[in-house]
There are 2 protein chains.
Amino acid sequence: MDESARLMTVLRPVRAGNAFEETVERLLQAIKLGLVAPGDKLPPERELAVTLGISRVTLREAIRALSDAGYLDVRRGRYGGAFVTYAPPEPDAGHLREAVKEMGMADLSDALTFRLAVECGAAQVLATSRPAEQQRVVLVRRLADVNEAGLDDYRRLDTAFHLSIAELTGSPLLATTCADARSRVSDLLNAIPMLQVNLDHAAVQHQAIVDAILAGDPDAARQAVAEHLEGTAALLRAFLA
Amino acid sequence: MDESARLMTVLRPVRAGNAFEETVERLLQAIKLGLVAPGDKLPPERELAVTLGISRVTLREAIRALSDAGYLDVRRGRYGGAFVTYAPPEPDAGHLREAVKEMGMADLSDALTFRLAVECGAAQVLATSRPAEQQRVVLVRRLADVNEAGLDDYRRLDTAFHLSIAELTGSPLLATTCADARSRVSDLLNAIPMLQVNLDHAAVQHQAIVDAILAGDPDAARQAVAEHLEGTAALLRAFLA
DNA sequence: GTTGATTGGGCTAGTCTTAGACCATTGATG
DNA sequence: CATCAATGGTCTAAGACTAGCCCAATCAAC
């Protein structure tokens, strides 16, 4: 933790890869987080290229790669587009160990710590801010969505619920950061089997989070989120052992 | 908060600017956060270019721009290098209003919320992790550094103290994020006059943060950080009014 | 002094990326 | 069945960026 180590915090690579690679990563994030639901399509190329601040050529290369990898189905002509075909793989311990091995234990620990910090921070902020009625309705709606979800939609709606908390703070930076944190562990979470016991447990914890936020109790919100995420992390570890 | 709004969380520009602009921004961050202290020099160009993952040509353009802007003094030959000459401007309400006007009230609010969330999250995580003796020593050392600092070094050592909390969690992602959050408000904080009353108040709050972390009390840590940052934000608002 | 290691300064050829124009396909609509 | 708007597919010229090389300056050590 000397001075030179601290420097590395800021003097890291300016770019995570070339434009093509970064674009693939970003689209994959939107797909895997379920922000574009299976069957839906991405915005038109011309529009998306502007949104992402890249050229159409580069965007098309990225879409082509994702299409080849089976994440997208691209169709020409009016009413065509790049349709999401991705469905998370079936939960499986083999996938999980593979994914963990690929990212490394250090990065896994980093990602879990990061997610814990930013999601707790978001919940705390939202609880402190005493959200308006409209925001409360959204939060309750997202919770109900998860509880009513079938197994096919559960992960996607769970993600939506978690991200809603950060979005409702009104801070785009915080929302973006929470989305980033979640996407770093999403493949791992997908590898955990969805047992009814665990879903029930999660539902109770989700409820506690919402209750604390609606009650304007930042400490209770922090604790509820921490407990929920620690629980998920424990499941991960157990499934890894 | 409909689906398309949520998409914007992820489908934002892939790159914040060209390589030159992003490099300037990154170096400016290291300088303004005091990670390279005034009088110290940046790593040699060849080394730094590799660290930042860019070509030496681009790095040199960035260094040239910062040199022209008065942040760096570049000297050739052995024992030469790019020496930091930056000193934060004198606190001044005019500077502050200018800076706020430049970034916009929405972005300011975003940045303050973001910082509150991630720094509280980091403190909570560190308190939960029951840091080892070595880490405790570092934390206490940083706190002492701030308390012993003269007015010239205060801001730099205050920054170092705050960032140490995130660094000590052992999560590079979290450390990077806290550094980013701090740098988004550093110009504004620099515009606040350093009155003894405020420094004394900050010292008490810093002590409370360290005590809570060393006691392994995440709720107390969260509260102490929240109180400290809210206090700073209040000073900002008061100085703006 | 002379030397040599270290550092910034500068050039070139090649690759990545972009902007913009134009072509090809699709399918709802009249 | 002809039309046409929306969308993906393709090409080109210009600019951004890189890797690698060599030059110039500085100064501690001998």
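Values quoted throughout were computed directly from the atomic coordinates according to the rules given, and no laboratory measurement underlies them. Note that the coordinates shown come from a computational prediction; the quantities given were computed from them, not determined experimentally. Glycine also receives a Cβ, built like all others from the backbone with ideal geometry; neighbour counts cover every protein chain displayed.
I need the peptides B:191-200, A:56-65, A:170-179 ranked by packing, meaning the mean over residues of other C-beta atoms within 10 angstrom, with the highest value on top.
So the peptides B:191-200, A:56-65, A:170-179, ranked by packing, come out A:170-179, A:56-65, B:191-200.
Can you tell me the 0 to 90 degree angle between the C-alpha axis of helix B:19-32 and the longest principal axis of chain B, rounded to 10?
It works out to around 50 degrees.
In degrees between 0 and 90, to the nearest 10, how far off the longest principal axis of chain B does helix B:218-240 point, with axes built from Cα atoms?
60
What full-extension length gain, to one decimal in nm, is calculated for residue A:109 and residue A:73 as 0.36 nm per residue of separation minus the Cα-Cα distance?
9.5 nm
Per the Kirkwood definition applied to all pairs of different Cα atoms, how many angstroms is the hydrodynamic radius of the stretch A:46-92?
Computed over the stretch A:46-92, the radius equals 11.9 Å.
What does the charge count near residue B:48 come to, summing +1 for each Lys or Arg and -1 for each Asp or Glu among other residues with Cβ under 15 Å from its Cβ?
+2
Rounded to the nearest 20 Debye, what is the dipole magnitude of chain A about its Cα centre when Lys and Arg each give +1 and Asp and Glu each give -1 at the C-beta?
With only Lys, Arg, Asp and Glu charged at Cβ, the dipole is about 780 debye.
Going by a ≥ b ≥ c, the root eigenvalues of the Cα gyration tensor, does the stretch A:112-195 fall in the rounded group (a/c under 1.5), the prolate group (a/b larger than b/c) or the oblate group?
It is oblate, given that a/c is not under 1.5 and a/b is not larger than b/c.
For residue A:231, go 7 angstrom from Cα along the Cα-to-Cβ vector, then report the distances to that same point in the other copies in nm, smallest first.
Inter-copy label distances (nm, one decimal, shortest first): 3.6.
Grab the alpha carbons of the protein assembly as shown, take their convex hull, and tell me the volume per residue in Å³.
Cα-based convex hull of the protein assembly as shown, divided per residue, equals 161 Å³.
Just name one of A:190, A:147, A:43: the one whose Cα is farthest towards the positive end of the charge dipole of chain A (beta-carbon charges, Lys/Arg +1, Asp/Glu -1).
A:43
How shielded is A:33-39 by partner chains, expressed as the average number of their Cβ atoms within 10 Å of its Cβ atoms?
Partner Cβ neighbours, averaged per residue: 3.
Based solely on its DSSP helices, what 222 nm [θ] is calculated for chain B when runs of n ≥ 4 H residues each add -39,500 (n - 2.57) and the sum is averaged over all residues, nearest 500 deg cm²/dmol?
Value at 222 nm, helices only: -23500 deg cm²/dmol.
What order do you get for A:42-55, A:17-30, B:22-35 when each peptide is scored by the mean count of other beta carbon atoms within 10 Å, highest first?
B:22-35, A:17-30, A:42-55
Taking residue B:32 as the anchor, which lysines have their alpha carbon closer than 19 Å to its alpha carbon, excluding any fewer than eight residues away along the same chain?
B:41
Charges at C-beta only: +1 for Lys and Arg, -1 for Asp and Glu. How large is the resulting dipole of the stretch A:20-97 about its Cα centre, in Debye rounded to 20?
Dipole about the Cα centre, nearest 20: 340 debye.
Please report, for residue A:138, the nm distances (one decimal) from its label point, 7 Å out from Cα along the beta-carbon direction, to the equivalent points in the remaining copies, shortest first.
When each copy's label point is compared with this one, the spacings are 3.8 nm.
Shortest first and in nm to one decimal, what separations exist between residue B:99 and its copies in the other chains, measuring from label points 7 Å along the Cα-to-beta-carbon line?
4.2
Distance between Cα centroids, the stretch A:56-97 to the stretch B:12-63: provide it in whole Å.
Result: 35 Å between the Cα centres.
Need the full-extension length gain, residue A:95 to residue A:195, defined as separation in residues times 0.36 nm minus the C-alpha distance. One decimal, nm.
34.3 nm
From other protein chains only, count the Cβ atoms within 10 Å of every residue's Cβ in A:163-176, then give the mean.
Other-chain Cβ atoms within 10 Å of each residue's Cβ, averaged: 5.
Which residue in B is nearest the B/A rotation axis when you measure from the C-beta atom, and what is the distance in Å?
Checking which Cβ lies nearest the axis yields B:121, 2.
Sorting check: for A:116-125, B:206-215, which peptide has the highest mean count of neighbouring beta carbons within 10 Å, and how do the rest follow?
Taking the mean over residues of other Cβ atoms within 10 Å, the ranking is A:116-125, B:206-215.
Report the charge-dipole magnitude of the stretch B:73-116 in Debye, nearest 20, computed about the Cα centre from +1 at each Lys and Arg Cβ and -1 at each Asp and Glu Cβ.
Approximately 380 debye in magnitude.
Evaluate the relative contact order of the stretch A:87-214 (contact order divided by residue number), counting alpha-carbon pairs under 8 angstrom at least 6 apart; express in whole percent.
Normalised by residue count, the contact order of the stretch A:87-214 is 46 percent.
What fraction of the Cα pairs in the stretch B:158-241, stated in percent, has a spacing above 15 angstrom?
When every Cα pair of the stretch B:158-241 is considered, 62 percent fall beyond 15 Å.
Write down, largest first, the equivalent ellipsoid semi-axes of the stretch A:99-241 in whole Å, where each equals the square root of 5 times an eigenvalue of the alpha-carbon gyration tensor.
Those come to 24, 17, 13 Å.
Kirkwood Rh over Cα pairs of chain B into Stokes-Einstein at 37 °C, 0.692 mPa s: D in µm²/s?
169
Is the shape of the stretch A:29-150 best called rounded, prolate or oblate, per the rule: a/c under 1.5 gives rounded, else a/b larger than b/c gives prolate, else oblate, with a ≥ b ≥ c the square roots of the Cα gyration tensor eigenvalues?
Cα axes put the stretch A:29-150 in the oblate bin.
When you have a sec, figure out the Kirkwood radius of the stretch B:12-100 from all distinct Cα pair distances and drop it here in Å to one decimal?
14.1
For helix A:56-68, report the angle its Cα long axis makes with the longest principal axis of the Cα atoms of chain A; keep it between 0 and 90° and round to the nearest 10°.
Tilt relative to chain A: about 70 degrees.
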